[in-house]
Amino acid sequence: SYGLYASMGAAMIGNMLMFWGFGTASERMNKRVRDAAFSNLVRQEVSYFDVRPVGVITTQLSDDAALIHAFSGQPIRMLVMNLASVFVGIVIAFVYMWPFALMAFGLVPFMSVGKALEIQTYMGDDLGK
């Protein structure tokens, strides 16, 4: 009973640390990209701003930072959570019931293909079209 509570507490703490760590890393990377883009923008010659309107430049800076933030935090965090869940599940299955673990281990490729199709459907098929 205490082992169950300890594992639940460890899972909660690990989940909080993972969300905090990926959130912090994503925000820091987003800030570095925004700072680098702005410093490169400041170094442009004056004629660059004569050709392009200010609204287009600021919109592009904002959109680029938002795209980097969207694709760096959540997808990577979900990948780590899914891989860790599969790994821990198979290890627990091998410890408690090895025939079931062998069956689960054989089903991992099918589950991976299913998850890849789900992600492709969720994110949209953006293959350069």
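Examine segment 115-125 for a residue that is closer than 30 Å to residue 21 by Cα and assigned to a loop (DSSP other than H, G, I, E, B), and state whether such a residue exists. Yes, because at least one residue in segment 115-125 is closer than 30 Å to residue 21 by Cα and assigned to a loop (DSSP other than H, G, I, E, B). Within segment 48-84, being within 24 Å of the chain's Cα centre (by Cα), modelled with pLDDT of 85 or more and either among the small types (Gly, Ala, Ser) or on the phi > 0 side of the Ramachandran plot (or both) holds for one residue alone: 84.
Of all residues in segment 51-110, exactly one satisfies the criterion of being of a type in the set (Lys, Arg) and either within 28 Å of residue 10 (Cα to Cα) or in a helix (DSSP H, G or I) (or both), namely 77.
The values are calculated or read from the model by the stated rules, or taken from the named source; none is laboratory data. Small disclaimer: the values here were computed from a predicted structure and weren't measured.
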